[in-house]
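Undergrad: First, the structure itself, so that you have it in front of you.
The values are calculated or read from the model by the stated rules, or taken from the named source; none is laboratory data. Source: prediction; values computed, not measured. So basically every Cβ, Gly included, is an ideal-geometry build from the backbone, and we count neighbours across all protein chains shown. To get the accessible areas, we keep the full protein, side chains included, count just its heavy atoms, and leave off ligands, DNA and RNA. Shrake-Rupley method; radii C 1.70, N 1.55, O 1.52, S 1.80 Å.
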Amino acid sequence: MSFSPIRQFRHLLGALALTLLATVPAFAQLPTTVDIDLVQGVGANELDVMLRANGNSFNQVISNLLFTVRWVDTSPATLGLGSTGTWCPLPNSAFSPGPSTMVTTGGFKYRTYSSIGLQQIGIPQDPDGGCGASGQTLTANTWVKVFTITVSGNTGCTDFNIVNDAYTGANNRNYFISLNGQQVPPLTGTIQPTGVAIGTPAAPTPGSYGPLCSNGTPITLGGTPAGGVWTGTGVSGTGPYTFNPASGTQTLTYTVTTGLCSSNAPTTITVSVVPTTANAGPDQTVCASGAT
């Protein structure tokens, strides 16, 4: 029987858990759960992975961490391996990301990150392991940055999220954490729902309308990217939006609000609406016998 790399990883974890439990001294009470979050890094093209230990602090063995980042497959962006940076600098065997590959399926790209820890993160770094100059701690009820992932090749604006979805569930890539080789009680907490938008959103384009005739047939308003919101006098509907022309000059605004890339400023256009009644000018009197 053959196993996927992730499944083999889990089997290896089980063996390591038995070793850890057999060799380490009794540890203090574990956190109740550990949550995970993805936030904007210091650099414009960096993603920071955050952990939050709930209930109790933790500075012992992060024996396993597994999570998957997802982004839309139309983006050319790629993600680097990831680094523990100043929190737990390499090389060490305390807490380091393992190899992963990018997978494209179902309209998304995925990259799964995994690590196996063999040393306490609270032990200062030495040639055999450890974590940082003074050791590190997941402080209770506090978000702590543990990984930084570099984004390369991105154009436009791309949303990145840590996810548990149909693909990750079917392929053993859901978020998972084990501390001191223990999985009971369940330690894997929640994934924070808001991801990160990397890049600059393209300015929305509302299109061109008018001049129009007042009291005419309402027109349907478009715009790119699709899914934006129209506002202004005479605008109605919740999408697709319609515009009911009235005499005068109307100002309409188109704002993109879809996804995390919604920080782009609204685009405003002016629509001229002319009266439907024709005006030939003032009345005049002419002589029948006069010139043409």
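Undergrad: Being open to solvent by 40 Å² or more (accessible area, probe 1.4 Å) and over 30 Å from residue 104 (Cβ atoms) narrows it down to one residue among 155, 150, 142; which is it?
TA: Numbers: 155 fails: over 30 Å from residue 104 (Cβ atoms); 150 fails: over 30 Å from residue 104 (Cβ atoms).
Criteria check complete, one pass: 142.
Undergrad: Being farther than 24 Å from residue 123 by Cα, over 17 Å from the mean Cα position of the chain (by Cα) and either of a type outside the set (A, V, I, L, M, F, W, C) or at pLDDT 95 or above (or both): is that true of residue 101 here? Let's see the steps before the verdict.
TA: Values: farther than 24 Å from residue 123 by Cα: yes; over 17 Å from the mean Cα position of the chain (by Cα): yes; either of a type outside the set (A, V, I, L, M, F, W, C) or at pLDDT 95 or above (or both): yes.
Judged against the criteria, residue 101 is a match.
Undergrad: Are there strands (runs of 3 or more DSSP E) fully within segment 205-281 with at least 3 residues that are modelled with pLDDT of 75 or more and either of a type in the set (Val, Ile, Thr) or open to solvent by 60 Å² or more (accessible area, probe 1.4 Å) (or both)? List them. Explain how you work it out, then say what you get.
TA: On the way: elements: 219-221, 229-231, 241-243, 248-255, 267-274.
By residue number, 248-255, 267-274.
Undergrad: Let me ask something else. For segment 173-204, give me the residue count where each residue is open to solvent by less than 70 Å² (accessible area, probe 1.4 Å) and among the polar types (S, T, N, Q). Reasoning before the result, please.
TA: Start the filter on segment 173-204 by keeping residues that are open to solvent by less than 70 Å² (accessible area, probe 1.4 Å), which leaves 173-182, 187-189, 191-192, 195-199, 201, 204.
Filter once more, so that each one left must be among the polar types (S, T, N, Q): 174, 178, 180, 182, 188, 192.
Total meeting the criteria: 6.
Undergrad: Can you tell me which residues in segment 175-204 are under 22 Å from residue 110 (Cα atoms), among the small types (Gly, Ala, Ser) and assigned to a loop (DSSP other than H, G, I, E, B)?
TA: Answer for segment 175-204, where residues must be under 22 Å from residue 110 (Cα atoms), among the small types (Gly, Ala, Ser) and assigned to a loop (DSSP other than H, G, I, E, B): just 195.
Undergrad: While we're looking at this one, here's another question. For segment 105-152, which residues satisfy the criterion of being under 22 Å from residue 42 (Cβ atoms), of a type in the set (A, V, I, L, M, F, W, C) and part of a strand (DSSP E or B)?
TA: 138, 143, 144, 146, 147, 149, 151
Undergrad: Next up: Report yes if some residue within segment 153-166 is touching a residue at least 12 places away in the same chain (Cβ under 8 Å), of a type in the set (Asp, Glu) and outside any loop (DSSP other than H, G, I, E, B); otherwise report no. It would help to see each step written out before you state the result.
TA: Initial filter on segment 153-166 (touching a residue at least 12 places away in the same chain (Cβ under 8 Å)): 153-166.
Then drop every residue that is not of a type in the set (Asp, Glu), which leaves 159, 165.
So of that shortlist, the ones also outside any loop (DSSP other than H, G, I, E, B) come out as 159.
Scanning segment 153-166 turns up at least one residue that is touching a residue at least 12 places away in the same chain (Cβ under 8 Å), of a type in the set (Asp, Glu) and outside any loop (DSSP other than H, G, I, E, B).
Undergrad: Moving on to the next point. Hey, could you check segment 213-232 for residues that are more than 16 Å from residue 274 (Cβ to Cβ) and of a type in the set (S, T, N, Q) and say which is farthest from the chain's Cα centre (by Cα)?
TA: 220
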